[in-house]
Amino acid sequence: MSQQPSAAGAAQALPGHPFVAYHGAELQVENVRLSQLAADHGTPLFVYSKSAMLTALAAYQRGFAGRHAQICYAMKANSSLGVLQVFATAGCGFDIVSGGELERVLAAGGDAAKIIFSGVGKTRAEMRLALNAGIGCFNVESEAELDVLSQVAESLGLRAPISIRVNPNVDPKTHPYISTGLKDNKFGVAHEDTLRIYQHAASLKGLQVVGIDCHIGSQITDATPYLDAMDRVLDLVASIEASGISLAHIDFGGGLGINYNNDTPPAADALWAQLLRKLDERGFGQKKLMIEPGRSLVGNAGVCVTEVLYVKPGEQKNFCIIDAAMNDLPRPAMYQAFHAIVPLLAKSGDAPEVRYDVVGPICESGDWIGRDRTLAVKAGDQLAVLSAGAYCMSMSSNYNTRGRAVELLVDGAKVHVIRERESAADQMRLERLVAI
Ligand SMILES: *Cc1c(COP(=O)(O)O)cnc(C)c1O
């Protein structure tokens, strides 16, 4: 299946979305008109640009040119198999946070040796699964976890490669729910306990210390917290190595932001030019570097296409009711997050411009997708919710017994269905009526 780009006018890319552009009046992802995809596949519908993902990845690859570095895509941002396949094929490793994610990476053809396993609550069963698969590193988040992992590895006759996640106690100045590197967060071990915990790890027979890691938060739009965190982590590397424990790699986590709403995060290559300068100055430039970007690789590669079901004027507010909802796009309800919302047809003509709250059909007042948006729409018009590649489908649910949306991967003029629309039967498959 393929469509030709509409002929009229130069393409006008949307801010932050290099592969989403109006060609004349029609919004396209790469060479494909979204209105055609909505007609072929229905709505709500996620559409991802392969070129946008590879372009985002290329910025990191340029940043690390000539270095010993490994990029591990933090797959919780978008764990669909077709997305993982793009990154696996491009040579990426993966940062996983559950046994389920491990199974997804392996199903998508990812290399187990390039997997790092993060998270504060790994179970013994997940540890066994990952050890048997031969993953590259466990990013351990507490002293208690070290002891359990060592026991599990010993019971399998293996040694678990580990890194300890340290909490550099820097403020990434992002939303409190996505800030992870402050003292009162549940993640990582405290800076002042790190050396002692490394010595404990080095004494455990089931473990092999290979690295150190941190991850300070998400949607970070400023280089300063990264530079501060790097200083704090390198202080620790120096003291750990001085105590006789050598560290083969340093993992700086993920967290680089994207442009949702006039945000201006540094480009990945520019950020890493600064960070590498600091590493070199402090004499650690030869170490293996690992990073775990999630949102910045996929966030602006995706849009969610939705149809206006009703417009509902009111005394205080006007509502634009769409067929996508908080089960598809949970970020506004969870974090008051902003997604830009634009029409599929730049000038649909007859509807007046009105200020709307754009809401979904779910029976919750929290089910809003955008507030106070000026739109010229009527029932039946289609909209694109932008920046929908990260933390949307992977956080989606079946609330209100709504099936998950279709997902498409666009590659030039080619369209691949990477997930079919979920039916009610799919949702009920594991349930049983009681024999009464
Ligand atoms: C979520 C997460 C990431 C990725 O964060 P982004 O903001 O999506 O880049 C990386 N590392 C760890 C440990 C995480 O929990």
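Are any of the residues in region 271-279 open to solvent by 10 Å² or more (accessible area, probe 1.4 Å), without any contact (Cβ under 8 Å) to a residue 12 or more places away in the chain and more than 16 Å from the ligand (Cβ to nearest atom)? Yes - at least one qualifying residue is present in region 271-279. When Ala325, Ala337 are checked against the criterion of being assigned to a loop (DSSP other than H, G, I, E, B), within 16 Å of the ligand (Cβ to nearest atom) and either without any contact (Cβ under 8 Å) to a residue 12 or more places away in the chain or in the same structural domain as Leu27 (by TED's automatic domain parsing) (or both), Ala337 stands alone in meeting it. Filter region 51-79 down to the residues that are of a type in the set (Ser, Thr, Tyr) and assigned to a helix (DSSP H, G or I), then identify the one that is surrounded by the fewest Cβ atoms within 10 Å (Cβ to Cβ). If we take residues in region 51-79 being of a type in the set (Ser, Thr, Tyr) and assigned to a helix (DSSP H, G or I), then Thr55 is surrounded by the fewest Cβ atoms within 10 Å (Cβ to Cβ). Just one of the listed residues (Glu145, Glu101) is within 19 Å of the chain's Cα centre (by Cα) and part of a helix (DSSP H, G or I), and it is Glu101. Starting from residues that are touching a residue at least 40 places away in the same chain (Cβ under 8 Å) and not in a loop (DSSP other than H, G, I, E, B), keep the ones in region 239-256 and report whichever is nearest to the ligand (Cβ to nearest atom). Checked region 239-256; the qualifying residue nearest to the ligand (Cβ to nearest atom) is Leu256. The residues of region 212-229 that are within 16 Å of the ligand (Cβ to nearest atom) and surrounded by fewer than 23 Cβ atoms within 10 Å (Cβ to Cβ), listed by number, are Thr221, Asp222, Ala223, Pro225. Name the residues in region 390-404 that are of a type in the set (A, V, I, L, M) and in contact with a Gly (Cβ under 9 Å, 6 or more places away or on another chain), would you? The answer is Ala390, Met393. The listed residues are Val32, Val20, and the only one of them that is open to solvent by less than 30 Å² (accessible area, probe 1.4 Å), closer than 25 Å to Asn262 by Cβ, of a type in the set (Val, Ile, Thr) and assigned by TED's automatic domain parsing to the domain that holds Arg421 turns out to be Val20.
Here Ser296 passes the criteria (1) surrounded by fewer than 22 Cβ atoms within 10 Å (Cβ to Cβ); (2) within 16 Å of the ligand (Cβ to nearest atom) except the one numbered (1). Within region 392-436, if we keep just the residues that are outside any loop (DSSP other than H, G, I, E, B) and basic (Lys, Arg), the residue that is nearest to Asp328 (Cα to Cα) turns out to be Arg419. Checked against (1) touching a residue at least 40 places away in the same chain (Cβ under 8 Å); (2) open to solvent by less than 10 Å² (accessible area, probe 1.4 Å); (3) not polar (S, T, N, Q); (4) not in a loop (DSSP other than H, G, I, E, B), Gly389 meets all criteria but (4).
Listed here are the residues, each with its yes/no results for (1) open to solvent by 60 Å² or more (accessible area, probe 1.4 Å); (2) in contact (Cβ under 8 Å) with a residue 60 or more places away in the chain.
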| residue | (1), (2) |
| --- | --- |
| Ala108 | no, no |
| Asp111 | yes, no |
| Ile115 | no, no |
| Arg124 | yes, no |
| Met127 | no, no |
| Val140 | no, yes |
| Leu146 | no, yes |
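Evaluated against (1) modelled with pLDDT of 95 or more; (2) crowded, with 17+ Cβ neighbours inside 10 Å; (3) of a type outside the set (Phe, Trp, Tyr), Gly100 falls short on exactly one condition, (2).
For Leu289, the requirement of being assigned to a strand (DSSP E or B), surrounded by 15 or more Cβ atoms within 10 Å (Cβ to Cβ) and within 15 Å of the ligand (Cβ to nearest atom) is met. Note on region 357-385: residues that are assigned to a strand (DSSP E or B) and either of a type in the set (Asp, Glu) or more than 27 Å from the chain's Cα centre (by Cα) (or both) amount to 4. For Phe64, state whether it is at pLDDT 95 or above, within 20 Å of the chain's Cα centre (by Cα) and away from the ligand (no atom under 13 Å from the Cβ). In short, no.
The values are calculated or read from the model by the stated rules, or taken from the named source; none is laboratory data. Just so you know, these numbers come straight off a predicted model, no measurement behind them. Please note: Cβ atoms are built from the backbone with ideal geometry, for glycine as well, and neighbour counts cover all protein chains shown. We work out accessible area using only protein heavy atoms, side chains counted, and drop any ligands, DNA or RNA first. Shrake-Rupley method; radii C 1.70, N 1.55, O 1.52, S 1.80 Å.
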